[in-house]
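First the structure, in the form of structure tokens, and then the observations on it.
The values are calculated or read from the model by the stated rules, or taken from the named source; none is laboratory data. Source: prediction; values computed, not measured. Neighbour counts run over all protein chains shown; Cβ positions are idealised from the backbone, glycine included. These accessible areas exclude ligands, DNA and RNA; they are computed on the full protein's heavy atoms, side chains included. Shrake-Rupley method; radii C 1.70, N 1.55, O 1.52, S 1.80 Å.
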Amino acid sequence: LLVVSIFLSRLLGFLREWVLAQTVGASQLADVYLASFTIPDFLNYLMAAGALNISLIPVLASYVGEGNQVSARRVYQTLSTVLSLIMLLLILVCQLFAHRLAYWVAPGFNTNQLETLTYLLRLILPAQFFFFWGGMANGVQQTHGKFIYSAIAPLIYNLCIVSFGVLLYPQLGIASFSFGVLVGAFLGFGVLQIWGLRRLEYPILPGLF
């Protein structure tokens with residue numbers, strides 16, 4: 001299932017890049033759009049790798065293997081709450097200093113490019129929360145042997161980018177792709193994963209031991 005999902009996601013990724021090339025082309029706007037992912041991707045790599053590989057999945061697998069579902073749910077809720085708060089704080093800091101970060105990422109950009117980069121950066125940053133939280137939710141589901149929502153999420157994400165880019169580019173310009181990123185992350189890694197957690201009776205709301 002995941003192999004098929006990755007294959008389809010790569011095809012959609014190719015379509016996404018083709019649409020971007022047809023609408024924006026090899027231009028300054030394309031450079032700005034690609035640069036807008038630098039800081040969000042760094043946040044994602046910084047938080048997601050540690051949360052999933054070190055803290056969450058091994059602990060959950062241990063409790064699930066012992067049949068201790070109550071402790072597994074409590075551990076997930078606690079870790080999810082603490083790590084999500086940290087991620088939200090990092091996103092807030094990046095939002096506040098978005099213009100400075102834009103300059104650090106692309107010091108050679110002119111004033112108009114930096115302003116556009118700052119705008120796109122602020123659009124994309126909130127999506128990282130859904131990627132992060134959805135990654136933890138996927139970890140829970142995969143620990144229980146459930147893979148369907150993990151497989152569907154990247155397809156929804158890429159479809160949203162392509163759809164928004166095609167439909168809204170005449171009105172919003174390059175920002176249409178960034179809105180697609182945000183909506184795709186919200187639907188694929190947020191709303192969809194809530195449904196996946198509920199089917200396993202894991203808590204959605206934050207909480208601590």
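The calculated pair-distance distribution of the chain uses every alpha carbon pair, bins of 10 angstrom beginning at 0, and gives 9, 32, 33, 19, 7, 1 percent. State whether segment 70-173 is rounded, prolate or oblate according to the following rule on the C-alpha gyration tensor (a ≥ b ≥ c being the square roots of its eigenvalues): a/c under 1.5 gives rounded; otherwise a/b larger than b/c gives prolate, and the remaining case gives oblate. Here segment 70-173 falls in the oblate category.
When only DSSP loop residues count, what chymotrypsin sites (Phe, Trp or Tyr not before Pro) in segment 111-158 have their Cβ near at most 15 other Cβ atoms within 10 Å?
Those that pass, being in a loop and sparsely packed, are Phe147.
When both segment 150-189 and segment 92-149 are represented by their alpha-carbon centers, they are found 14 Å apart. Taking each DSSP H run with n ≥ 4 as -39500 (n - 2.57) and averaging over every residue of the chain yields -26000 deg cm²/dmol at 222 nm. For helix 2-23, what angle does its Cα long axis make with the longest principal axis of the chain, in degrees from 0 to 90 and rounded to 10? Relative to the chain, helix 2-23 is tipped by roughly 20 degrees. For Glu66, the accessible area of its heavy atoms, probed at 1.4 Å with every protein chain present, is near 130 square angstrom. The angle between the Cα long axis of helix 148-172 and the main principal axis of the chain comes to about 20°, on a 0 to 90 degree scale. Of the accessible area of segment 116-209, computed with a 1.4 Å probe over protein heavy atoms only, carbon and sulfur atoms account for 70 percent. When only Cα pairs below 8 angstrom with a gap of at least 6 residues are kept, the chain shows a relative contact order of 31 percent.
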